[in-house]
Amino acid sequence: MIQLFLIMRISLFGLSPNKCIFTPILFRSDLSQNIKGMVNKEGKWVFIIALLLGSLGLSSCSDPDRLEVNVYSHRHYPIDREIFESFTAKTGIRVNVVSASADELITRLELEGERSPADLLITVDAGRLHNAKTAGLLQSVESDILMDGIPFRLRDAENYWFAYTYRARAIAYAPDRISPEEILTYESLANPSLNGRVVMRSSENAYNQSLMASVLSHRGEEFSREWCSGLVGNFSRQPRGNDRDQIKAVAAGQGDVTVCNTYYVAKLAESPSAEEREVVNKIRILFPNQDDRGTHINISGAGITRYAPNRQHAVKLIEYLISSEVQEKLSVENHEYPIRGDVKLSPFLEEWGEFKIDTLPLEQLGIHNEQAVRIIDACGWL
Ligand SMILES: [Fe+2]
């Protein structure tokens with residue numbers, strides 16, 4: 001029940017009574033851990049009650065005349081706060097953020113229904129956005145700025161969600177221990193020659209689930225099962241940690257190869273910690289599958305929620321996210337790939353150069369998510 005108290009405190013008492021500001025960014029990891037612990041130990045009903053209580057609190061302070069927009073976000077980058085603050089400075093529209101995993105936020109939207117105060121769902125996975133759309137949690141948007149600014153491939157065909165950056169899932173390796181020729185494709189990571197040499201983060205993470213969904217989309221179920229078994233059989237340790245931890249593990253010799261989103265390499269290279277900067281000197285990255293389908297990409301994207309009380313403000317916020325100013329910031333300072341071709345790139349993105357991108361329609365990541373998770377579970381990828 002301590003966890004229930006924490007959730008209630010975050011959900012209800014984390015609100016500023018006058019401004020309706022939710023402050024869970026500060027509590028995000030506590031929130032996630034407590035939700036997981038609570039669901040495991042005390043049953044799902046506690047989690048559901050907590051979410052409902054939180055919903056009542058947030059709904060009661062939602063005011064359509066207020067200049068605000070309520071964002072449910074799975075992004076976890078400090079730069080987002082700066083971007084939202086500059087949006088507020090330009091428009092007078094306050095941005096209130098609820099931060100949690102996409103799955104937690106989608107559950108919350110389902111429970112809140114039409115009482116939801118949320119205007120915008122932001123995720124770091126196209127699959128989650130597609131699934132939110134098919135669950136009836138998003139609405140279609142008409143905006144010439146979004147239509148003209150975002151390539152068709154990077155938005156939902158019916159305009160339920162829009163990417164505003166994309167990210168490449170690269171292979172990172174120790175050049176003194178493995179030749180790039182051995183690891184030119186995701187498929188190669190299952191080769192017997194890599195036995196005991198692969199480190200990976202947990203399969204609970206959306207990045208790896210979507211990578212598996214992309215393999216499944218291209219190669220079918222039978223191949224994907226075999227690939228997953230081979231990959232897991234090559235692990236040098238139990239999956240743990242985030243993308244940065246996998247890169248560090250390769251640098252430390254706990255494995256020779258991993259997969260990671262490229263911006264984490266740039267973030268380590270720019271770290272104030274000399275130890276973290278040194279990690280980057282010990283690894284290299286390559287963009288897999290350049291001779292066939294291209295490297296798997298995913299997106300950061302946003303969709304307007306079905307019952308958004310501040311719909312117009314939310315549309316304005318997405319339009320702002322694809323402005324040159326924000327796109328350049330996300331590229332130069334957060335090292336994500338911008339969706340616009342006319343903005344300055346981060347020096348890291350410049351150095352890594354152009355690469356062939358897997359053009360699989362992004363909704364396939366959502367369509368194949370459930371099957372991908374079943375395969376992952378069956379092959380024992382924790
Ligand atoms: Fe990330």
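The values are calculated or read from the model by the stated rules, or taken from the named source; none is laboratory data. Source: prediction; values computed, not measured. Methodologically, a virtual Cβ is constructed for each residue, glycine included, from the backbone with ideal geometry; neighbour enumeration extends over all protein chains shown.
Checking each residue in segment 215-235 for being under 11 Å from Q371 (Cα atoms) and either of a type outside the set (D, E, K, R) or surrounded by 18 or more Cβ atoms within 10 Å (Cβ to Cβ) (or both) picks out L216, S217, G220, S224. Taking the criterion of being closer than 18 Å to G301 by Cβ and part of a helix (DSSP H, G or I), the residues of segment 330-382 that qualify are L330, S331, E363, Q364, L365, G366, I367, N369. When A102 is tested against (1) buried (at least 20 other Cβ atoms within 10 Å of the Cβ); (2) at pLDDT below 95, only condition (2) is not met. The residues of segment 194-221 that are outside any loop (DSSP other than H, G, I, E, B) and within 16 Å of the ligand (Cβ to nearest atom), listed by number, are A206, Y207, N208, Q209, S210, L211.
Taken over segment 242-278, the residue count meeting the criterion of being away from the ligand (no atom under 13 Å from the Cβ), farther than 21 Å from A190 by Cα and either in contact (Cβ under 8 Å) with a residue 60 or more places away in the chain or assigned by TED's automatic domain parsing to the domain that holds V124 (or both) is 1. For segment 222-245, filtered to residues that are of a type outside the set (S, T, N, Q) and in a loop (DSSP other than H, G, I, E, B), the residue that is farthest from N208 (Cα to Cα) is R237. For segment 279-307, filtered to residues that are surrounded by 21 or more Cβ atoms within 10 Å (Cβ to Cβ) and among the hydroxyl-bearing types (S, T, Y), the residue that is farthest from the ligand (Cβ to nearest atom) is T305. Residues in segment 121-141 that are away from the ligand (no atom under 16 Å from the Cβ) and more than 17 Å from H368 (Cα to Cα): L121, G136, L137, L138, Q139, S140, V141.
Taken over segment 76-99, the criterion of being farther than 14 Å from S300 by Cβ and in contact with a Pro (Cβ under 7 Å, 6 or more places away or on another chain) is satisfied by V98 alone.
For segment 68-110, the candidate set comprises residues that are within 16 Å of the ligand (Cβ to nearest atom) and hydrophobic (A, V, I, L, M, F, W, C); within that set, the residue that is nearest to A126 (Cα to Cα) is A102.
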